[in-house]
Amino acid sequence: MKIQKINELLNAEVVCGEITNDSEIAFAFASDLMSEVLTIKKDGIVLLTGLCTIQAIRTAEMSDIHCIIFVRGKKVSEEMIELAKENNIILLKCQYSMFKTSGILYSEGVQPVY
Amino acid sequence: MMEPMHLQYELEGGNFTKAGFASSEIKKVLKQLNVDAKTIKRIVVSSYEAEVNIVAHAYSGIINAWIDNEKIVLHFNDKGPGIPDIEMAMQAGYSTASPAVREMGFGAGMGLPNIKNNVDLLEINSEVNKGTLVKFTIGLTPEMN
């Protein structure tokens with residue numbers, strides 16, 4: 001699924017990054033626990049998280065995750081945006097809960113990691 | 001053949017804003033050296049976990065990295081409370097992290113086990129009330145992996 005489509009399905013807002021011509025996202029992982037995210041071997045996943053801190057961006061950087069979706073309308077800081085831009089990470093935010101966000105993406109065919 | 005390279009970074013305990021900076025710099029260097037993406041990920045995930053451990057538990061620390069054609073060797077040396085029982089600390093799910101650390105998305109007792117799963121050689125030495133030295137090596141060539 002294209003990030004553009006994900007953005008539409010979730011009524012999300014693009015916080016930073018260019019989403020028009022992006023690669024296909026096949027897998028998603030939802031967690032607030034960054035150590036758990038760091039165990040994932042698969043590349044090219046989208047991360048759904050309610051953890052809106054600089055460490056979420058750092059974790060994505062280390063794990064080669066190119067798109068993070070912050071759920072529940074969390075406020076993304078300038079510092080986070082800057083670090084995301086530096087690493088070409090797309091940040092989206094949506095108002096839905098983690099459960100609803102996951103449900104929508106799952107029902108539209110985005111695959112779980114496990 | 002490249003010249004062996006040495007990198008060094010200082011860490012401040014409790015400073016979560018900077019946690020990950022050193023691993024990010026190491027990642028940039030490895031990319032420049034054309035190390036393959038999967039190997040880079042194993043290195044920087046381990047390095048980042050070790051970095052977060054220092055920020056989460058210690059007062060200060062120093063990271064040393066040596067890179068040559070075959071491998072990267074990383075030493076995470078901290079001044080801090082030390083680990084009374086290393087075997088326990090290696091168990092998944094065991095953690096002494098503070099609520100502040102948990103709020104940053106860590107402290108679930110996954111750091112050291114995660115490092116162990118990603119590195120080729122791991123050695124941990126610790127002295128209570130003095131500090132901890134975590135050393136690991138990851139091969140950069142297929143033969144070493």
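The values are calculated or read from the model by the stated rules, or taken from the named source; none is laboratory data. For clarity, every value in this text was computed on a predicted model and none was experimentally measured. Cβ atoms come from the backbone with ideal geometry, glycine included; neighbour counts cover every protein chain shown. Please note that ligands, DNA and RNA were not included when accessible areas were found on the heavy atoms of the full protein model with its side chains. Shrake-Rupley method; radii C 1.70, N 1.55, O 1.52, S 1.80 Å.
Below are the figures for this structure:
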quantity	calculated
Filter result (open to solvent by 100 Å² or more (accessible area, probe 1.4 Å) and at pLDDT 95 or above) within segment A:73-87	A:Glu78, A:Glu82, A:Lys85, A:Glu86
Which listed residue, of B:Gly93, B:Gly105, B:Gly14, B:Gly109, is on the phi > 0 side of the Ramachandran plot, within 14 Å of chain A (Cβ to nearest Cβ), surrounded by fewer than 14 Cβ atoms within 10 Å (Cβ to Cβ) and not aromatic (Phe, Trp, Tyr)	B:Gly93
Subset tally (residues that are of a type in the set (Lys, Arg) and more than 9 Å from chain B (Cβ to nearest Cβ)) for segment A:32-43	1
First in segment A:72-97 and closer than 22 Å to B:Lys31 by Cα and more than 14 Å from chain B (Cβ to nearest Cβ), second anywhere and part of a loop (DSSP other than H, G, I, E, B) and open to solvent by 40 Å² or more (accessible area, probe 1.4 Å), Cβ under 7 Å, 6 or more apart	A:Ile90/A:Gly17; A:Ile90/A:His66
Filter result (open to solvent by 20 Å² or more (accessible area, probe 1.4 Å) and closer than 30 Å to B:Asn15 by Cβ) within segment A:15-42	A:Val15, A:Gly17, A:Phe29, A:Ala30, A:Asp32, A:Leu33, A:Glu36, A:Thr39, A:Lys41
Selection status of B:Val35, aliphatic (A, V, I, L, M), touching a helix residue (DSSP H, G or I) at 6+ places or on another chain (Cβ under 6 Å), open to solvent by less than 40 Å² (accessible area, probe 1.4 Å) and on the phi < 0 side of the Ramachandran plot	no
Qualifying strands (runs of 3 or more DSSP E) (wholly inside segment B:1-91; at least 3 residues being over 18 Å from B:Leu121 (Cβ atoms))	B:5-12, B:60-67
Hey, A:Val46 aliphatic (A, V, I, L, M), surrounded by fewer than 16 Cβ atoms within 10 Å (Cβ to Cβ) and more than 13 Å from chain B (Cβ to nearest Cβ) or not	no
In segment B:30-50, the residues that are β-branched (Val, Ile, Thr) and either more than 9 Å from chain A (Cβ to nearest Cβ) or without any contact (Cβ under 8 Å) to a residue 24 or more places away in the chain (or both)	B:Val35, B:Thr39, B:Ile40, B:Ile43, B:Val44
Residue that is farthest from the other protein chains (Cβ to nearest Cβ), among those in segment B:112-127 that are closer than 16 Å to B:Ile54 by Cβ and touching a Gly at 6+ places or on another chain (Cβ under 8 Å)	B:Glu127
Hits in segment B:112-134 - residues which are small (Gly, Ala, Ser) and open to solvent by less than 20 Å² (accessible area, probe 1.4 Å)	B:Gly131
B:Gly61 more than 22 Å from A:Asn87 (Cα to Cα) and in contact with a His (Cβ under 8 Å, 6 or more places away or on another chain)	no
Qualifying residue in segment B:57-65 (condition: more than 11 Å from chain A (Cβ to nearest Cβ) and out of contact with any strand residue (DSSP E or B) (no Cβ under 6 Å at 6 or more places or on another chain))	yes
Selected residue [touching a Gly at 6+ places or on another chain (Cβ under 9 Å), aliphatic (A, V, I, L, M), within 11 Å of chain B (Cβ to nearest Cβ) and not in a helix (DSSP H, G or I)] from A:Ile25, A:Ile65, A:Ile57	A:Ile65
